[in-house]
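Below is one structure, written out as structure tokens, with a few remarks after it.
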Amino acid sequence: MTVEQQKEVQGICINENLSNTEECKGNGPGKTSSVFNSKDGIGKRQMSLDDMFSKKKIVTAAVASKSQESDWVCEGCAKPCEYCRLEEKIDPRWRSHLRHEFGKDYFRGIKRFLHENRNHLPPIDKIFTFSSFFPLEATKVVIMGQDPYHNDNQAMGLSFSVPMGVPVPPSLKNIYLEINSDIEGFEIPSHGDLSKWAKRGVLLLNDVLTVTKNRPNSHAGIGWREFTSRILQTINEKCTNVVFMLWGRHAQAKGKFINRNRHLVLACGHPSPLSSNHFFGCKHFSKANKYLKDHGKSPIEWQV
């Protein structure tokens, strides 16, 4: 711990605990007799000192832990790079809920892997795009994907979504077809940008958050699944009345722990052309809106 951090810890503890003594009231040093009036004979000043040292240990440990994590660097880095600070790419409103993950071996393993394999998609600044639209507590709907699109200019940090100007992928075309048959007035868009859904409280989360260019499922084993499972667990615990859309056996297995008494889980086949027969007719979008309205939440406008 640096000298400045030590002073900060001491200042926090002393200022907080000396407020219980007469010295803080301007009576001068040593004039603390009035605080020794407790019936059990134990002075408040002595209790304050005990409490001070106890709290100092806690604050010291917290500062040391933070310092230790902030000092961590990838192997080969003379000073921290953007991969060493990967968690700082997460919106602070989400990062605060996930802070206990960043010092774990699996998350550091993700950093090391990406540091050594930088030809990944999406680019580092877009890996956590899903976190930038609303606080975690404001999640209304979760739509789980598998891993990002692996071709250039497709992956944008939102499951199933592609930037404006990029052809709509087959799975998203099927999603649009299902909404068109499920939601009255929905018009099939000519683009695949789902950012408007994200702005309305829909978490578009992939199970695995990066992929090597032209190599689908190539990052499945680097640690992302543990991290995204933790995101789902946090939503399950911190939020109420969230709709989880789990498409395909993989997503359904990932969501087994979700509390069905607290949330709505909608399961069906994946919208991929390989399995879309088990997706069409699911009516998840109207079911989601009915559930949200029944629980006092505004429905999602699915038009993009």
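FYI, it's all coordinate maths here, none of it is from the lab. Remember, it's a predicted structure, so these values are computed and weren't measured experimentally. For neighbour counting, all protein chains shown are included, and Cβ atoms are generated from backbone atoms with ideal geometry for every residue, glycine included.
Remark: region 184-191, residue by residue, has Karplus-estimated 3J(HN,Hα) of 4, x, 6, 10, 5, x, 8, 10 Hz, where x stands for each Gly or Pro and the curve is 6.51 cos²θ - 1.76 cosθ + 1.60 at θ = phi - 60°.
Between LYS283 and GLU226, the modelled label-to-label distance comes to 4.2 nm, taking each label 7 Å out from Cα in the direction of the beta carbon. Determine the alpha carbon to alpha carbon distance for each of LYS196/LYS238; LYS111/LYS297; LYS238/LYS293; LYS89/LYS287; LYS89/LYS238 and list only those over 27 Å. From the list (LYS196/LYS238; LYS111/LYS297; LYS238/LYS293; LYS89/LYS287; LYS89/LYS238), the Cα-Cα distance tops 27 Å for LYS111/LYS297; LYS89/LYS287.
Inter-label distance, GLU82 to LYS196: 3.0 nm, where each label sits 7 Å from its Cα along the C-beta direction. Below 12 angstrom from the Cβ of ASN119, what's the summed charge of the other residues (Lys, Arg +1; Asp, Glu -1)? Result for the local shell: +1.
Order the peptides 244-253, 83-92 from the highest to the lowest mean number of other Cβ atoms within 10 Å of their residues.
Numbers: 244-253: 19.1, 83-92: 16.4.
With the highest mean Cβ count within 10 Å placed first, the list reads 244-253, 83-92.
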